[in-house]
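Q: Take a look at this one; I'll ask things after.
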Amino acid sequence: MKILAISDIHSKVENIKKLNFENFDLIVLAGDITDFGDYNEAKNIISLFPKDKLLAVPGNCDTYDVIRLLEDENVNLHAKCKKINNLIFCGIGYSLITPFNTPLELTEEEISNILKNFEKCDVLISHTPPYLACDKTSSQKNVGSKEIRKFIEEKNVKLVICGHIHEAYGIEKVKECLVVNVAAFKNGRYGIININEKIEAKICSI
């Protein structure tokens, strides 16, 4: 399976038009599709992707309108799981509480309550990175979720696709789990992930 992983578009659609979707089996949007956008703005962005290949979670800079659009388009994975090619994909959007009072934020307890519903997870699509993996801000502070970290260790998750912390783009390992922060697509970054006998990932630039 070949995955195109994108996060943090923030309504900047110019780079989307530079992508070729034909060679990918799945396209993942890991949140912040819009920059506080409404339903129609989200619809215009999602229309640029092939919906039959698309899975998405909302980010903290999205809105409830964006969630409604993702639901209407049947691509929303937040708080849900989907089996694809014998792999269980689970999703958790929003972000931890920020200093910026963005529309979609969760406490660690709320994140934990969502994750408890996932009995099995091979691939986690999360807007927020796990704690101590691809989660360091420009001030060198780790701001990832401890509950997500705990979940991927306990459930033996194979892959996490995340974003949110733009300056923390890159690839790290948590035990045997590959964490891939692909933010920010508005700056031209995205990820290509191959899942075969092993998982390989790289961060690319347009």
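Q: Test Asp72 against the criterion of being over 26 Å from Ser205 (Cα atoms), free of Cβ contacts under 8 Å to residues at least 24 places away in the same chain, acidic (Asp, Glu) and surrounded by fewer than 20 Cβ atoms within 10 Å (Cβ to Cβ), and give yes or no.
A: Working: over 26 Å from Ser205 (Cα atoms): yes; free of Cβ contacts under 8 Å to residues at least 24 places away in the same chain: yes; acidic (Asp, Glu): yes; surrounded by fewer than 20 Cβ atoms within 10 Å (Cβ to Cβ): yes.
The answer is yes for Asp72.
Q: In addition: For residues that are outside any strand (DSSP E or B), touching a helix residue (DSSP H, G or I) at 6+ places or on another chain (Cβ under 9 Å) and of a type in the set (D, E, K, R), scanning just region 160-206, find the one that is surrounded by the most Cβ atoms within 10 Å (Cβ to Cβ). Give the steps one after another, and end with the answer.
A: Our first condition is that a residue be outside any strand (DSSP E or B); within region 160-206, this holds for 163-169, 175-176, 182-188, 196-198, 206.
Filter once more, keeping what is touching a helix residue (DSSP H, G or I) at 6+ places or on another chain (Cβ under 9 Å): 163, 166, 169, 175, 183-188, 206.
Filter once more, keeping what is of a type in the set (D, E, K, R): 175, 186.
On the way: Lys175: 8, Lys186: 18.
That would be Lys186.
Q: For region 129-151, give me the residue count where each residue is closer than 26 Å to Glu197 by Cα and crowded, with 24+ Cβ neighbours inside 10 Å. Break it down into steps so the answer makes sense when it comes.
A: Filtering region 129-151 for residues closer than 26 Å to Glu197 by Cα gives 129-130, 133-134, 148-151.
Among the residues that remain, those that are also crowded, with 24+ Cβ neighbours inside 10 Å are: 129-130, 133-134, 148, 151.
Residues in region 129-151 being closer than 26 Å to Glu197 by Cα and crowded, with 24+ Cβ neighbours inside 10 Å: 6 in total.
Q: Going by what's in this entry, would Glu119 be described as charged (D, E, K, R) and either surrounded by 16 or more Cβ atoms within 10 Å (Cβ to Cβ) or part of a helix (DSSP H, G or I) (or both)?
A: Details: charged (D, E, K, R): yes; either surrounded by 16 or more Cβ atoms within 10 Å (Cβ to Cβ) or part of a helix (DSSP H, G or I) (or both): no.
Judged against the criteria, Glu119 is not a match.
Q: For Glu108, only one of the following conditions fails: (1) touching a helix residue (DSSP H, G or I) at 6+ places or on another chain (Cβ under 6 Å); (2) surrounded by 16 or more Cβ atoms within 10 Å (Cβ to Cβ). What is its number?
A: (2)
Q: Please state which of the following conditions Ile9 fails to meet, knowing it meets all the rest: (1) out of contact with any strand residue (DSSP E or B) (no Cβ under 7 Å at 6 or more places or on another chain); (2) in contact (Cβ under 8 Å) with a residue 40 or more places away in the chain; (3) of a type outside the set (Ser, Thr, Tyr); (4) over 13 Å from His127 (Cα atoms).
A: (4)
Q: Here is a check on your reading of the model: is Glu197 more than 16 Å from Leu77 (Cβ to Cβ) and at pLDDT below 95?
A: Against the criterion (more than 16 Å from Leu77 (Cβ to Cβ) and at pLDDT below 95), Glu197 qualifies.
Q: What number of residues within region 166-181 are aliphatic (A, V, I, L, M) and without any contact (Cβ under 8 Å) to a residue 24 or more places away in the chain?
A: Count: 1.
Q: Hey, another quick one. Taking only region 52-69 into account, find how many residues are without any contact (Cβ under 8 Å) to a residue 40 or more places away in the chain, surrounded by fewer than 24 Cβ atoms within 10 Å (Cβ to Cβ) and within 16 Å of the chain's Cα centre (by Cα).
A: Counting residues in region 52-69 that are without any contact (Cβ under 8 Å) to a residue 40 or more places away in the chain, surrounded by fewer than 24 Cβ atoms within 10 Å (Cβ to Cβ) and within 16 Å of the chain's Cα centre (by Cα) gives 3.
Q: Next up: What are the residues in region 144-159 that are more than 17 Å from Val182 (Cβ to Cβ) and assigned to a loop (DSSP other than H, G, I, E, B), if any?
A: Selection gives Lys155, Asn156.
Q: Which of the residues that make up region 62-92 are over 22 Å from His10 (Cα atoms) and in a strand (DSSP E or B)? It would help to see each step written out before you state the result.
A: Just the residues of region 62-92 that are over 22 Å from His10 (Cα atoms), to begin with: 80-90.
Once the filter is applied, which keeps residues that are over 22 Å from His10 (Cα atoms) and in a strand (DSSP E or B), region 62-92 yields Cys81, Lys82, Lys83, Ile84, Leu87, Ile88, Phe89, Cys90.
Q: Then there is this: If you go through region 125-143 one residue at a time, how many are of a type in the set (Val, Ile, Thr) and outside any loop (DSSP other than H, G, I, E, B)? Walk me through it before giving the result.
A: Start the filter on region 125-143 by keeping residues that are of a type in the set (Val, Ile, Thr), which leaves 125, 128, 137, 143.
If we keep only those that are outside any loop (DSSP other than H, G, I, E, B) too, we end up with 125.
Adding up the residues that qualify gives 1.
The values are calculated or read from the model by the stated rules, or taken from the named source; none is laboratory data. Remember, it's a predicted structure, so these values are computed and weren't measured experimentally. So basically every Cβ, Gly included, is an ideal-geometry build from the backbone, and we count neighbours across all protein chains shown.
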